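Asks: Structure below; questions to follow.
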Amino acid sequence: MRRMLLAALSRVLQGPAAAAAAAGRTGAVSEASRVLVASRNYADFASEATFEIKGYLKSALCATLLVHGSGTKLCCTHGGLTGRVAGAAVVYYCLLEVVVEEKCDLHRLEEGPSTTAVMTREEGLHYYKTMQTIRRMELKSDQLYKQKIIRGFCHLYDGQEACCVGLEVAIKPTDHVITAYRAHGFTYARGVPVREILAELTGRKGGCVKGKGGSMHMYTKNFYGGNGIVGAQVPLGAGIALACKYFGKNEICLTLYGDGAANQGQIFETYNMAALWKLPCIFICENNRYGMGTSVERAAASTDYYKRGDFIPGLRVDGMDVLCVREAAKFAADYCRAGKGPILMELQTYRYHGHSMSDPGISYRTREEIQEVRSKSDPITLLKDRMVNNNLASIEELKEIDVAVRKEIEEAAQFATTDPEPPLEELGNHIYFNEPPFEVRGPNQWIRYKSVS
């Protein structure tokens with residue numbers, strides 16, 4: 001009801017252009033339709049970016065509307081309307097601009113990412129479905145864990161979906177990604193189907209690594225996990241970037257870690273080597289405000305993680321806004337591809353679940369804090385509101401996506417709970433890639449397994 005009232009008020013304020021558009025719209029929004037939306041950036045995680053209504057209305061009134069079906073064009077310019085609408089017509093919104101006040105924080109950079117981003121209808125729907133799939137997949141994982149179908153370590157990603165989705169759409173499939181143990185979202189964003197992720201969580205043969213990796217060790221082409229040792233993936237990411245440079249490929253590596261790992265000494269050693277060798281590496285700190293159960297203020301003398309590289313340029317952006325993450329990642333990727341060396345990004349985000357499934361997540365933070373983030377900064381809700389308010393999608397269309405996603409998750413869960421476990425004789429397989437078979441010692445010297453690549 002609130003969204004309907006806001007939409008109605010917006011049409012009234014916009015005047016005849018919006019009324020004509022609403023009256024003439026009989027078909028779906030064109031595939032070529034686009035919306036120019038400002039990326040929401042802020043430095044203080046507790047603050048919320050605000051949109052200037054005057055700026056929004058001014059930009060909306062300067063938008064061009066193409067009206068098809070009656071053979072006429074309706075142009076909304078500074079001076080008002082030109083042309084007319086006759087008969088049934090389909091209106092295509094070309095450009096709308098939303099202005100945001102704050103910019104991202106920069107370190108050793110004269111300029112940062114663009115504060116506006118063009119998002120097409122197709123892109124918006126893709127982002128929405130991907131984030132919604134990750135959210136539902138993590139909630140299903142939570143359910144399966146509590147049913148003791150998933151066992152062992154399990155770190156859920158719900159709340160942080162804008163990070164992995166925004167990063168993935170900003171790079172190329174040939175680029176490389178390595179992250180820590182909260183890896184389910186990145187695994188899906190890199191192209192692994194939901195059924196293979198859930199089957200891996202349940203330790204089944206149909207899992208993405210044949211049921212032998214579990215929650216913390218998922219891999220696919222150009223995705224290197226999923227690493228269980230805190231901060232250990234950062235030197236590995238620099239090594240991948242070194243390989244990209246050594247082989248002369250125009251590729252980059254996204255190396256992710258959390259605020260808890262940011263105090264690891266090996267990370268600073270890696271910064272130094274990456275800067276010396278000008279490696280095409282984007283170091284990305286996903287700052288979800290808590291390292292296990294310790295707040296960043298209690299764990300770090302300086303919480304400006306984007307400045308931690310010192311001699312490495314850095315930027316801090318809103319990790320709850322998929323467009324903000326996307327534009328910042330594009331900027332960082334272009335920086336690395338230009339041969340300027342590494343760059344550091346801090347994504348301010350938030351996890352809804354505890355650190356892992358053994359952590360209820362409310363002993364070091366309040367339920368009210370979690371609820372406030374959900375109500376004000378949820379990445380899926382932010383994108384949904386943008387799309388609906390800017391006529392890129394309808395509430396009904398997004399609900400249809402929600403239904404389809406739930407169905408996909410349920411089918412994947414059914415597969416993950418009925419697929420057979422891998423046989424014991426395959427325990428030693430896939431240790432090396434493309435190597436001749438060899439024997440692997442088992443729990444004692446009399447047990448041997450054959451390892452096949």
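Asks: Express the relative contact order of the range 98-422 as a whole percentage, based on alpha carbon pairs under 8 Å and six or more residues apart in sequence.
Replies: Relative contact order here is 25 percent.
Asks: Apply the Karplus parameterisation 6.51 cos²θ - 1.76 cosθ + 1.60, with θ equal to phi minus 60°, to every residue of the range 190-199 and state each ³J(HN,Hα) to the nearest whole Hz, in sequence, with x for glycine and proline.
Replies: 7, x, 7, x, 4, 4, 6, 5, 5, 5
Asks: Let me ask something else about it. Quick check: at a probe of 1.4 Å, how many percent of the accessible area of the range 98-422 sits on carbon and sulfur atoms?
Replies: Carbon and sulfur together cover 51 percent of it.
Asks: Sort 267-276, 363-372 by the packing proxy (mean of other Cβ within 10 Å over each peptide's residues), most packed first.
Replies: 267-276, 363-372
Asks: Additional query: Long-range amide H contacts for residue 117: which residues qualify at under 5 Å (H placed 1.01 Å from N, peptide plane, sequence gap of 5 or more or a different chain)?
Replies: 37, 38, 39
Asks: Full-extension gain between residue 310 and residue 276, please, as 0.36 nm times their residue separation minus the C-alpha to C-alpha distance.
Replies: Full-extension gain reported as 10.9 nm.
Asks: With r as the distance between the Cβ atoms of residue 247 and residue 367 and R0 = 56 Å, compute the FRET efficiency 1/(1 + (r/R0)^6) and round to 0.05.
Replies: 0.65
Asks: What's the ranking of 424-434, 408-418 by average number of surrounding C-beta atoms within 10 Å, highest first?
Replies: Ranked by mean Cβ neighbours within 10 Å, highest first: 408-418, 424-434.
Asks: For residue 444 and residue 302, compute 0.36 nm times the residue count separating them, minus their Cα-Cα distance, and round to one decimal in nm.
Replies: Net length gain for the segment: 46.2 nm.
Asks: Between residue 410 and residue 340, what is the FRET efficiency for a Förster distance of 45 Å, r being their Cβ-Cβ separation, to the nearest 0.05?
Replies: 0.45
Asks: What is the range 98-422 by shape, rounded, prolate or oblate, if you read a ≥ b ≥ c off the alpha carbon gyration tensor as root eigenvalues and call it rounded for a/c under 1.5, prolate for a/b larger than b/c, and oblate otherwise?
Replies: rounded
Asks: Another one. To the nearest 0.05, how large is the calculated FRET efficiency for residue 400 and residue 376 if R₀ is 22 Å and r is the Cβ-Cβ distance?
Replies: The formula returns an efficiency of 0.25 here.
Asks: Run the numbers for residue 148 and residue 426: contour at 0.36 nm per residue of separation, minus the present Cα-Cα distance, in nm.
Replies: Residue separation times 0.36 nm, minus the Cα-Cα distance, leaves 97.7 nm.
Asks: Residue farthest toward the positive end of the dipole of the range 98-422, with Cβ of Lys/Arg at +1 and Asp/Glu at -1: which of 262, 417, 296?
Replies: Among 262, 417, 296, the one farthest towards the positive end of the dipole of the range 98-422 is 417.
Asks: Restricting to the range 98-422, compute how many DSSP beta bridges are antiparallel as a %, nearest 5.
Replies: Of all bridge pairs located within the range 98-422, approximately 20 percent are antiparallel.
Asks: While we're here: May I ask you to give the solvent-accessible area per residue for the range 98-422, in square angstrom, as obtained with a 1.4 angstrom probe?
Replies: Heavy-atom SASA per residue in the range 98-422 reads 40 Å².
The values are calculated or read from the model by the stated rules, or taken from the named source; none is laboratory data. Here the structure is a predicted model, which means the values were calculated and not measured. As a convention, Cβ positions derive from the backbone with ideal geometry for all residues, glycine included, and neighbour counts pool all protein chains shown. Only protein heavy atoms, including side chains, enter the accessible area calculation; ligands, DNA and RNA are left aside. Shrake-Rupley method; radii C 1.70, N 1.55, O 1.52, S 1.80 Å.
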